[in-house]
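Below: the structure, in structure tokens.
The values are calculated or read from the model by the stated rules, or taken from the named source; none is laboratory data. Worth saying up front: this structure is predicted, and the values here are computed from it rather than measured. Here the Cβ positions follow ideal geometry from the backbone for every residue, glycine too, while neighbour counts run over all protein chains shown. Accessible surface areas use protein heavy atoms only, side chains included; no ligands, DNA or RNA. Shrake-Rupley method; radii C 1.70, N 1.55, O 1.52, S 1.80 Å.
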Amino acid sequence: MKSIISTRSLSLFLCFFILPFMSYAQGNVSESYRVETIEMLKGLAAQTGGIDFLPDGRLVACFVRGEVMTYNLKTKEWKLFAEGLQLPLGILAVSNSEVLAMQLSNLIRIKDTDGDDHADLYENATSDFGISGNYHEFNYGPVRDKAGNLFFALNCASSGGGVRAVVRGELNKLGRDGIDGHKEMFSVVPYRGWVMELTPDGKLHPIASGFRSPNGLGFDLEGNLFVADNQSDWVPTSSLYHVRKDHFYGHPASLVWKKEWKNRDPFNAPITELDKMRTRAAVLFPQGIMANSPSQPLVDMTNGKFGPFSGQLFVGEINRDRILRVMLEKVGGEFQGACIPFIDGHGMRIANNRLAFAPDGSLWIGQISFGGWVGGESGIQRIIFTGDTPMEVYTMSLTPKGFDLTFTEGVDTETAINPVNYNLRCYRYEYKKKDIEEGVDVATQVDVQAVPIISTNLSKDGRKVSLIMNGLKPGFIYELKLGDIKSAAGKLLGNKLICYTLNKLRT
Amino acid sequence: MTQLMGTESPDINALPGSPGRSGLFGFNRLSLVLLALPPVMFISCQEGVSTTVSVSIKARVDLQYDVVRFKVKPGSKVTLTLNNTSDMNHNLLITKPGARLDVVNSAMKLAEKGPQMDYIPNSDAVLWSIPIVSPGQAKSVTFTAPTQSGVYPYVCTYPGHGFIMYGVMYVTPDSTLPDIRNDLNIPESRRQDDSVKERKDARTQAVPNPHPYALIPPYLYHVFIEGASPAAIAVHLPNDLSYCWDAGTCRLRFAWKGGFLDMSDLWKGHFDASAKVLGDIFFRENTDYPIRLGENATVPIVQYKGYRLVERYPEFHYTLNGIDVYELIRPKSDSMGIIRVFRIPHADRKVWFFANRQDDAIEYEFPAGHFKDRKLELSAVEAKAFTIIMTSYYLAYKNKEQ
């Protein structure tokens, strides 16, 4: 047997490990942001289902074993606010003495009415949706719009489990595929796979269908609702959807609860019919590359306290030590745009499930390890902007002939206009019922092509590079791998892989 | 890169199990055979080798390898088969000692190249590998174990899996392995569940408090539990009593004496898990619905409103045909049953409370109203607040026996 490390392989080792690591470290994300770990209360299983900030600045968080706790940022004291919930996966602060929490059985309004900082009133805000008792019928949210309407999302059931002997809600067997149902996600009780709206009159309205595991809702600054969905047996890579009333987003199980569907079998409907009905993702997260399990989208409303990305969305990723950033634009009247890692590593844990901005503009992250299939370590961390602007792609915008890349800082002309630093390819993911033999998480890129850059052009202000190319095609993801571009001041570009979802061409 | 390494590893074989992927495995320095195999089938890949240790590892649905550790003798020939019995994709990489996390992180840094490289980084820290195996498929790798004793991790580097899906190959001439309970080379969740005996021991041990505060009855959990709708609430009372109140149907479902609940499966997120009752169920409600509003009234339409904690006891609030009803349950001081306190503040007609059919061993006491034919009749005034005391003859007898 050969020795484990030969001289040559040592150099290869350096080449493959040390160098990327060094360039990674030189990218100035590490100087611009730092990750801190919040000390959790001893004895707490800190599997974080939801986080938010109360008006007085305290953090409120809920955990898998049912606790709702507050954390005083100044005194670093944890305090129990409520308990006994079942798998709460979302929390929304209403006032200093009131929160809404989304647990398996209902949206629950929890109040401290006697002023002892411990809840004594647990009101059912709504339970007008079904539960089959399947372990995978998670509920996410709520988020609130400016008019006071609440939105939450209902996960489909998983073929990994069954239904219980007693269910809540009408059972509709058409919501589970009769042929391949042992593998696909299903919706046999009302509104599984839907986004719901609770209006202030207490009425619950199913508003949009076609979701599989919509683990995260959020608004942009203009009040548009975005929902991140996990890839599935139909939409093969994870997605960020702009959610609108009566739209359908691709996973057919939930269609059985749509009146117009008239109780047909959704799983064996012609794919062309489903494809025509569905609204495409504003942003696709390529599987195994960007995210496998995106969580909550959260808009940067810190006005610069958290760095240069005001108005953009951050999205958590459950499968690794990553927070993504999403930049959107309207093309042909619809949102589409790009995703890019915002921060990887830096001491951040994996399973980044929930996000919230603290009053000081730091980004808090709730992490969850659960069920064996959601890995890592649970807890809460926060990301702090140090004030040193990172050298990053600020926006990627479609033009009639290519893309404009605007950077957070003025660029070094030589590296920024060198076409070698722009490696572009495109591919798509096919919308179809996944083959029964294929793994549920298999996402196959099809029609993969390299896209040559014809020219690069730098704007006068030195921040924007226009890339020109031929033959842009709708329905493709454009994956751009950037080279060692530097800022004018010599900072290396931080994140270099960016994926633009091109639904519509710019005319 | 690959070519260079390839010259170092002349004995590479890429067989039909990995069409078009042979170049990716150029860094493997020992003979490597990839075969699409039916499950549980081992093939010695080289002529003239007398003994091959066969190790079959299954990828489970819970992101774990079923074999979390095994041992081989230094220099022995090993055929390792990964049989994917889960519904996700998995690979298996054996790394140099201590290199698991480095390899996992390198796999993630493959970024857009990950999918076509089977998430196997070009790295000397990867000793042998089995590429992505689809659900229901199996692939193998054959290699000669290092002559140097050591602890060689194996791990799935599919993004996100590597932090929890791993195990360890002990290369050692010894016949024993370290105590699994203290084996830091395997995932924490696997440090006890591989032997029935250990599981038994764990069951008899005192369960540590699952919360960061003292659990003093009364307290409750929302749960999935047998015998109720999936919107059940279980309440633990003082005096070792507990009950399950069903928020889906707005009624008491059952009550028990003894311990409270085993929540472990439910909290772990196990498929189809339920909270398990740790005690003797002495009452199970079996009426169509226990309350009727008005003469000859039918089963009312129920709506769940929530609960308020009154001296930490939940007082459930629901409506029957739109009329508010409140229900609070306390333990009997003799521990033989429960006291149910109802309030219907806006009662404007007679109310009936139906006891169970006569086939249970419960003695009912009614401080107010008129009980006849298993029905308690209450005037509108009496219904504004009434109490039902339920004593279990079963518990009383059981208690005397002890």
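Note on segment A:119-161: residues that are more than 7 Å from chain B (Cβ to nearest Cβ), part of a loop (DSSP other than H, G, I, E, B) and under 14 Å from A:Leu204 (Cα atoms) total 5. Once segment B:328-357 is narrowed to residues that are touching a residue at least 60 places away in the same chain (Cβ under 8 Å), aromatic (Phe, Trp, Tyr) and open to solvent by less than 40 Å² (accessible area, probe 1.4 Å), the residue that is nearest to B:Asn296 (Cα to Cα) is B:Trp352.
Going by what's in this entry, would B:Phe70 be described as open to solvent by 10 Å² or more (accessible area, probe 1.4 Å) and not in a loop (DSSP other than H, G, I, E, B)? Lay out the reasoning, then the answer.
Values: open to solvent by 10 Å² or more (accessible area, probe 1.4 Å): yes; not in a loop (DSSP other than H, G, I, E, B): yes.
Considered against the rule, which asks whether it is open to solvent by 10 Å² or more (accessible area, probe 1.4 Å) and not in a loop (DSSP other than H, G, I, E, B), B:Phe70 comes out as yes.
Which of the residues belonging to segment A:106-125 are crowded, with 22+ Cβ neighbours inside 10 Å and in contact (Cβ under 8 Å) with a residue 60 or more places away in the chain? Of everything in segment A:106-125, just one residue is crowded, with 22+ Cβ neighbours inside 10 Å and in contact (Cβ under 8 Å) with a residue 60 or more places away in the chain, namely A:Leu107. Scanning segment A:319-334 for residues that are within 13 Å of the chain's Cα centre (by Cα) and assigned to a loop (DSSP other than H, G, I, E, B) turns up at least one hit.
Taking the criterion of being hydroxyl-bearing (Ser, Thr, Tyr) and surrounded by fewer than 23 Cβ atoms within 10 Å (Cβ to Cβ), the residues of segment B:73-85 that qualify are B:Ser76, B:Thr79, B:Thr85. Among the residues making up segment B:267-279, those that are facing chain A (nearest Cβ under 10 Å) and open to solvent by 30 Å² or more (accessible area, probe 1.4 Å) are B:Trp267, B:Lys268, B:His270, B:Phe271, B:Asp272.
The residues of segment A:241-298 that are part of a loop (DSSP other than H, G, I, E, B), within 14 Å of another protein chain (Cβ to nearest Cβ) and in contact (Cβ under 8 Å) with a residue 60 or more places away in the chain, listed by number, are A:Pro286, A:Gln287, A:Gly288, A:Ile289, A:Met290, A:Asn292, A:Ser293. Being of a type in the set (Ser, Thr, Tyr), more than 8 Å from every other protein chain (Cβ to nearest Cβ) and under 28 Å from the mean Cα position of the chain (by Cα) holds for only one residue in A:Ser95, A:Ser105, and it is A:Ser95.
Only one of B:Val325, B:Val381, B:Val310 is modelled with pLDDT of 95 or more and crowded, with 17+ Cβ neighbours inside 10 Å; which?
Checking each option against the conditions leaves just B:Val325.
Residue-level analysis places B:Ser106 among those that are buried (at least 22 other Cβ atoms within 10 Å of the Cβ) and not in a strand (DSSP E or B).
With respect to (1) in a loop (DSSP other than H, G, I, E, B); (2) more than 8 Å from chain A (Cβ to nearest Cβ); (3) surrounded by fewer than 21 Cβ atoms within 10 Å (Cβ to Cβ); (4) of a type outside the set (Asp, Glu), the lone exception for B:Tyr170 is condition (1).
Within segment A:299-322, the set of residues being surrounded by fewer than 24 Cβ atoms within 10 Å (Cβ to Cβ) and within 14 Å of chain B (Cβ to nearest Cβ) comprises A:Asp321, A:Arg322. When A:Val442 is tested against (1) farther than 29 Å from A:Lys401 by Cβ; (2) open to solvent by 50 Å² or more (accessible area, probe 1.4 Å); (3) within 14 Å of chain B (Cβ to nearest Cβ), only condition (2) is not met. Of the candidates A:Gly169, A:Gly202, the single residue that is within 13 Å of chain B (Cβ to nearest Cβ), surrounded by fewer than 16 Cβ atoms within 10 Å (Cβ to Cβ) and in contact with a strand residue (DSSP E or B) (Cβ under 9 Å, 6 or more places away or on another chain) is A:Gly202.
Beta carbons closer than 6 Å, at least 6 apart along the sequence or on distinct chains, pair a first residue in segment B:213-226 that is more than 9 Å from chain A (Cβ to nearest Cβ) with a second that is of a type in the set (Lys, Arg) and open to solvent by 10 Å² or more (accessible area, probe 1.4 Å) for B:Pro218/B:Arg312. Residues in segment B:57-101 that are within 22 Å of the chain's Cα centre (by Cα) and of a type in the set (Phe, Trp, Tyr): B:Tyr65 only. Is it the case, given these coordinates, that A:Ile383 is in a loop (DSSP other than H, G, I, E, B), surrounded by 21 or more Cβ atoms within 10 Å (Cβ to Cβ) and out of contact with any helix residue (DSSP H, G or I) (no Cβ under 9 Å at 6 or more places or on another chain)? It is false that A:Ile383 is in a loop (DSSP other than H, G, I, E, B), surrounded by 21 or more Cβ atoms within 10 Å (Cβ to Cβ) and out of contact with any helix residue (DSSP H, G or I) (no Cβ under 9 Å at 6 or more places or on another chain).
Quick one: in segment B:54-67, which of the residues that are open to solvent by 40 Å² or more (accessible area, probe 1.4 Å) and in a loop (DSSP other than H, G, I, E, B) is modelled with the highest pLDDT?
First, pick out the residues of segment B:54-67 that are open to solvent by 40 Å² or more (accessible area, probe 1.4 Å): B:54, B:58, B:60-62, B:66.
Applying the additional criterion that residues be in a loop (DSSP other than H, G, I, E, B) yields B:60-62, B:66.
Values: B:Arg60: 89, B:Val61: 80, B:Asp62: 80, B:Asp66: 92.
Checking each candidate, the answer is B:Asp66.
Would you check if there is a residue in segment A:183-191 being among the aliphatic types (A, V, I, L, M) and outside any loop (DSSP other than H, G, I, E, B)?
No, every residue in segment A:183-191 fails to be among the aliphatic types (A, V, I, L, M) and outside any loop (DSSP other than H, G, I, E, B).
Within segment A:417-439, track down each residue that is open to solvent by 30 Å² or more (accessible area, probe 1.4 Å) and part of a strand (DSSP E or B).
Initially, segment A:417-439 is screened for residues open to solvent by 30 Å² or more (accessible area, probe 1.4 Å), giving A:417-420, A:423, A:425, A:428, A:430, A:432-433, A:435-438.
A:Asn423, A:Arg425, A:Arg428, listed by residue number.
Could you pull out the residue among B:Asn122, B:Asn89 that is open to solvent by less than 20 Å² (accessible area, probe 1.4 Å), within 13 Å of chain A (Cβ to nearest Cβ), touching a residue at least 60 places away in the same chain (Cβ under 8 Å) and out of contact with any His (no Cβ under 6 Å at 6 or more places or on another chain)? So that I can check it myself, show each step before the final result.
Values: B:Asn122 fails: open to solvent by less than 20 Å² (accessible area, probe 1.4 Å).
After applying the criteria, what remains is B:Asn89.
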